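Data block below; observations after.
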Amino acid sequence: MFVKTKMTTHPFTVSPEQTIPDAHEIMTRYDVKRLPVLKNGKLVGVVSKEDIDRYSPSRATSLSMGEITYLLAKTKIKQIMSKQPVTISPDALLEEAATLMRDNKVGFLPVMDHDRLAGIITESDIFDSFIELLGFREPGTRLTIEAADEPGIMSNLTSIIGQFGANITRVAVYRGENGKSAVVVGINSMNTEEIEKSIREKGFNILYKLQNEF
């Protein structure tokens, strides 16, 4: 799955010459936590709610409310934004986006189509894609099967299920230790008792079963 299929296009943005109250208003009104910073259409940074909180006076300050308001109104986004943000291409895989976020400890990435901001992708987009990829909310049955991590195992499992005329909708493999893997198989049926029986007879161990009603 590609970044362009899950990114938010036409994201809210802010200018480096705008102020903290300007950015705070956009974030509050549209319920967003991060804004790309554009200057003459070019990405020059990003600003987050954490950036604003970090540069705002703490509650322990001796400043009056009027003084705090004045200081915030004088503080421009270019003074608090993160420069040279990590970006990604719309044609990159979601796995690449997730790895970049994890490695760089950021919650979103501006998506750049050459030098143009095409959108943003957030950690929530990654979570939603992960759920969709595994078909967690799809109707049917999900079996988590313990299997030896060796050639031919997937073919054996799919042939067992295929004998019953069931359609496999999703497959994921989690490699474990001691030569064992957990294979998650999504099946478009609620009646899987005979399939499960055959799987066990073939020497596999069913670790978990989850069913979602149609």
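Rule-based calculations on the coordinates, nothing more; no lab input. Keep in mind that what you see is a predicted model, and the values were worked out from it rather than measured. Backbone-built Cβ (ideal geometry, glycine too); neighbour counts: all protein chains shown.
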- Query: For the range 3-130, what does the alpha-carbon gyration tensor say about shape, rounded, prolate or oblate, given a ≥ b ≥ c as the root eigenvalues, a/c under 1.5 as rounded, and a/b over b/c as prolate?
  - Reply: prolate
- Task: Measure off 7 Å from each Cα along the Cα-to-Cβ vector at Q163 and E201, then give the distance between these two points in nanometres to one decimal.
- Result: 0.6
- Message: Please report Rg (one decimal) and Dmax (integer) in Å for the Cα set of the range 136-212.
- Response: 11.6, 33
- Please find the FRET efficiency linking D31 to H114, where r is the Cβ-Cβ separation and R0 is fixed at 30 Å, and quote it to the nearest 0.05. 0.50
- Note on the structure: Once both label points are put 7 Å beyond Cα along the C-beta direction, the T8-S82 separation in nm becomes 1.6
- Note on the structure: If each K or R counts +1 and each D or E counts -1, the residues other than D103 whose Cβ falls under 14 Å of its Cβ total -1
- Message: List the lysines whose Cα sits under 28 Å from the Cα of K33, skipping any in the same chain fewer than 8 residues away.
- Response: K4, K6, K42, K49, K74, K76, K78, K83, K105
- Give me the net charge of E132's neighbourhood, meaning all other residues with Cβ under 12 Å from the Cβ of E132; Lys, Arg count +1, Asp, Glu -1. 0
- Taking the structure as given and computing percent of Cα pairs over 24 Å apart, which label from (i) 53; (ii) 41; (iii) 58 fits? (iii)
- Local net charge near Y208, Cβ-Cβ under 15 Å (Lys/Arg +1, Asp/Glu -1): +3
